[in-house]
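Chemist: The structure under discussion is supplied below as structure tokens; questions concerning it will follow.
Any read-out appearing in this document is the output of simple, stated calculations on the displayed coordinates, not a laboratory observation. Please read all numbers here as calculations on a predicted model, not as lab measurements. Using ideal geometry, Cβ is built from the backbone for each residue, glycine included, and neighbour counts are taken over all protein chains shown.
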Amino acid sequence: MWLKRRWWLIPVAVVISGGSVGANLARDGEYDAGLGARVAVVALALAAATTLFAIDRQPAVLLASGALSGGYFAAGGENGPIFFVLVVASFLLALRRPFGVWLPVLLGASALLWLGLLIRGLRWDEVVIGTWQSIGVGALVAAATAIGTTIRHGRSADQDRASRIATEEQLRMAQDLHDGVGHGLAVIAMQAGVGLHLLERDTEAVRAALTAIRDTSRESLEALRSELSQITGDAAPRAPRRGLADLDVLVERVQAAGVDVRVTGTPVQVSGAADAVAYGVVQESLTNVLRHARARTVSVDLQEQQTSLVVVVTDDGVGAVVHDEGMGLSGMRSRVTALGGTLSAETAVGGGFRVRAVLPLGS
């Protein structure tokens, strides 16, 4: 696995090793070193090239790269691709490790390489040339670390973005389950209570309650199956997106549970995301009424105001004392604000609870 990620190090090591062999074993070398010394510097070059394969696993190996490269020059090694050992090694470290990890070892390795160049310059009276070579290697190392760091930050940003998208999708699924299944269970609980209350007095009312329980259960199970299929990756049809066109069915279901729901207003044109979010606001508000409010009546007002749709749901229940910023209210708020709208949820004038959402119609 590691070799697949770093396969390009093989030709790099071959070039460094082969270039060092050719530069040092040729008869017309720049520096007058004996055959034994030339063989020794070739061995140092081969060892320096080999260290590239261990840099990823242990940053301290960079010190060995610097020491071997410096020893190569101190022993009178010829100029050649050996200069790129430190450049490639620094790129690898910057690509995989944070700045604070590789900077100390890089400074140490660079000092060892420059010391080797200085020793060779003093031996062959080429201190100026060695100084310029040191500056050149330093510039290449700086460029390599900059490129490696940029790539690493880009990868980290991509990973963070993918993680954020996954988290947002999980939150969306949780909110969809809360909206669909939570509403269904609230209706079922209320209908079951109605059925038990009228069990021996009104057969038709009990039949209607059981029918509502059956239909609501089916819809909730379909919503649950659809969302679970998104998590497991199984093929299943996505639950249809509800909109204000489905408001009558929602209202009838809540009324059958014993709450009087009155709808006023006729929005002229609502479509797309605003339609689904407006429906979700009404659905969650009515679900909270069934679960917490102990209300007898609820008013749902839909009004178009210039470029916005205003949705107001008000009940005559016990008010904000039973409402907290749980998944329901926070889910409504996040979906409304995602469209550029606003949502308020507070105690209504005269008692009860009031939810008001303003949604841009162009969203």
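Chemist: In what order do ARG38, ARG152 fall by count of nearby beta-carbon atoms within 10 Å, going from fewest to most?
Modeler: ARG152, ARG38
Chemist: A further question follows. Run the numbers for THR297 and ARG6: contour at 0.36 nm per residue of separation, minus the present Cα-Cα distance, in nm.
Modeler: 97.8 nm
Chemist: What dipole magnitude, in Debye to the nearest 20, does region 22-119 give about its Cα centre under +1 on Lys/Arg Cβ and -1 on Asp/Glu Cβ?
Modeler: Using Cβ point charges on Lys, Arg, Asp and Glu, region 22-119 gives about 360 debye.
Chemist: So for region 243-363, what percent of the C-alpha to C-alpha distances run longer than 22 Å?
Modeler: Of all Cα-Cα distances in region 243-363, 28 percent exceed 22 Å.
Chemist: Ranked from highest to lowest mean number of other Cβ atoms within 10 Å per residue, what is the order of the peptides 330-343, 82-95?
Modeler: The packing order, highest mean first, is 82-95, 330-343.
Chemist: Can you list the HN-Hα couplings for region 88-105, worked out from phi with the Karplus curve (6.51, -1.76, 1.60; θ = phi - 60°), rounded to whole Hz and with x for Gly and Pro?
Modeler: Whole-Hz 3J(HN,Hα) from phi for region 88-105: 5, 5, 5, 5, 4, 5, 5, 6, 10, 10, x, 3, x, 7, 8, 4, x, 6.
Chemist: Next up: Quick query: amide H of VAL298 versus all other amide H atoms, modeled in the peptide plane; which residues come in under 5 Å with a sequence gap of 5 or more or a different chain?
Modeler: It is ASP260, VAL261, ARG262, by chain and number.
Chemist: Sequence gap at least 6, Cα distance under 8 Å: using those rules, report the relative contact order of region 2-125 to the nearest whole percent.
Modeler: Taking the mean separation of contacting Cα pairs over the length of region 2-125, I get 29 percent.
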